1. In the range 20-36, how many residues are over 14 Å from the mean Cα position of the chain (by Cα) and loosely packed, with under 11 Cβ neighbours inside 10 Å?
2. Quick check on the range 51-70. Is at least one of its residues β-branched (Val, Ile, Thr), under 22 Å from residue 119 (Cα atoms) and surrounded by fewer than 13 Cβ atoms within 10 Å (Cβ to Cβ)?
3. Please name all residue pairs, on different chains or six or more residues apart, with Cβ atoms under 6 Å, provided the first residue is in the range 117-132 and is closer than 15 Å to residue 25 by Cα and the second residue is assigned to a helix (DSSP H, G or I) and hydroxyl-bearing (Ser, Thr, Tyr).
4. When you scan the range 93-113, do you find a residue that is in contact with a strand residue (DSSP E or B) (Cβ under 6 Å, 6 or more places away or on another chain) and assigned to a helix (DSSP H, G or I), even just one?
5. For the range 16-63, give me the residue count where each residue is part of a loop (DSSP other than H, G, I, E, B) and under 16 Å from residue 99 (Cβ atoms).
6. For the range 64-88, what are the residues that are assigned to a helix (DSSP H, G or I) and not polar (S, T, N, Q)?
7. Would you tally the residues in the range 16-53 being of a type in the set (S, T, N, Q) and in contact (Cβ under 8 Å) with a residue 60 or more places away in the chain?
8. Those residues that are among the basic types (Lys, Arg), over 30 Å from residue 83 (Cα atoms) and surrounded by fewer than 11 Cβ atoms within 10 Å (Cβ to Cβ), I need them from the range 95-149; list them, please.
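Just so it is clear, none of the values below were taken in a lab; they were calculated from the coordinates. Just so you know, these numbers come straight off a predicted model, no measurement behind them. Note that we place each Cβ from the backbone using ideal geometry, even for glycine, and neighbour counts take in every protein chain shown.
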Amino acid sequence: MLVKRSQNTLAQQTRDEVADSIREFMITMLHAAPQGDLSLSAAAVLGVLYEVGPQRVTTLATKNAVTQPAMTALVNRLESTGVVMRDVDPADSRARLVSITEKGIRTLLERRARQNASIAAAIEALDEDRVALLRKLVPTLREMSGRMKS
């Protein structure tokens with residue numbers, strides 16, 4: 001029983017260490033990569049609209065863990081720059097849907113390209129064995145990402 005408990009503790013410590021490393025990498029990447037004209041919040045909203053499609057402000061607020069008034073203010077700013085637009089919700093004419101514009105798509109994809117270039121530069125500094133190890137992890141990272149999105 002003591003061996004099993006030690007194995008469970010070691011497995012939990014390993015999971016925690018991996019989770020901490022991934023979280024630290026994500027935070028470092030978000031802060032170190034060139035941001036352009038978009039805040040993290042604005043980029044997150046554009047990302048949701050790009051990947052999921054038009055959303056109500058209340059849904060965007062929930063997905064981004066902010067208040068509805070804060071999201072309304074952000075959407076107003078994004079709309080004033082032409083990266084999102086509001087349309088009547090066909091399911092409820094009293095409601096409005098926020099959608100990403102062509103300019104918003106370009107802005108988002110340019111930001112992602114800058115982030116990818118920053119990550120690629122960090123990968124280029126690694127030796128071949130570590131790059132091969134990262135390549136092997138791609139399917140696992142994609143699977144984890146998919147699970148976390150749903």
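1. Of the residues in the range 20-36, the ones over 14 Å from the mean Cα position of the chain (by Cα) are 20-21, 24, 32, 34, 36.
Those left that are additionally loosely packed, with under 11 Cβ neighbours inside 10 Å: 20-21, 24.
Result for the range 20-36: 3.
2. Within the range 51-70, the subset β-branched (Val, Ile, Thr) is 52, 57-59, 62, 66-67.
Remaining after also requiring under 22 Å from residue 119 (Cα atoms): none.
No, every residue in the range 51-70 fails to be β-branched (Val, Ile, Thr), under 22 Å from residue 119 (Cα atoms) and surrounded by fewer than 13 Cβ atoms within 10 Å (Cβ to Cβ).
3. Pairs found: none.
4. The answer is yes; a qualifying residue exists.
5. Applying the first criterion (part of a loop (DSSP other than H, G, I, E, B)) to the range 16-63 yields 33-39, 53-54, 56.
Within this subset, residues satisfying the condition of being under 16 Å from residue 99 (Cβ atoms) are 53-54, 56.
So the count comes out to 3.
6. Filtering the range 64-88 down to residues assigned to a helix (DSSP H, G or I) leaves 68-80.
Selection gives 69, 70, 71, 73, 74, 75, 77, 78, 79.
7. Quick first cut of the range 16-53, residues of a type in the set (S, T, N, Q) only: 21, 28, 35, 39, 41.
Still in the running and in contact (Cβ under 8 Å) with a residue 60 or more places away in the chain: 35.
Total satisfying the criteria: 1.
8. From the range 95-149, those among the basic types (Lys, Arg) are 96, 103, 106, 111-112, 114, 130, 135-136, 142, 147, 149; that's our starting set.
Okay, now just the ones that are also over 30 Å from residue 83 (Cα atoms), so 130, 135-136.
135, 136 - these are the residues of the range 95-149 that are among the basic types (Lys, Arg), over 30 Å from residue 83 (Cα atoms) and surrounded by fewer than 11 Cβ atoms within 10 Å (Cβ to Cβ).
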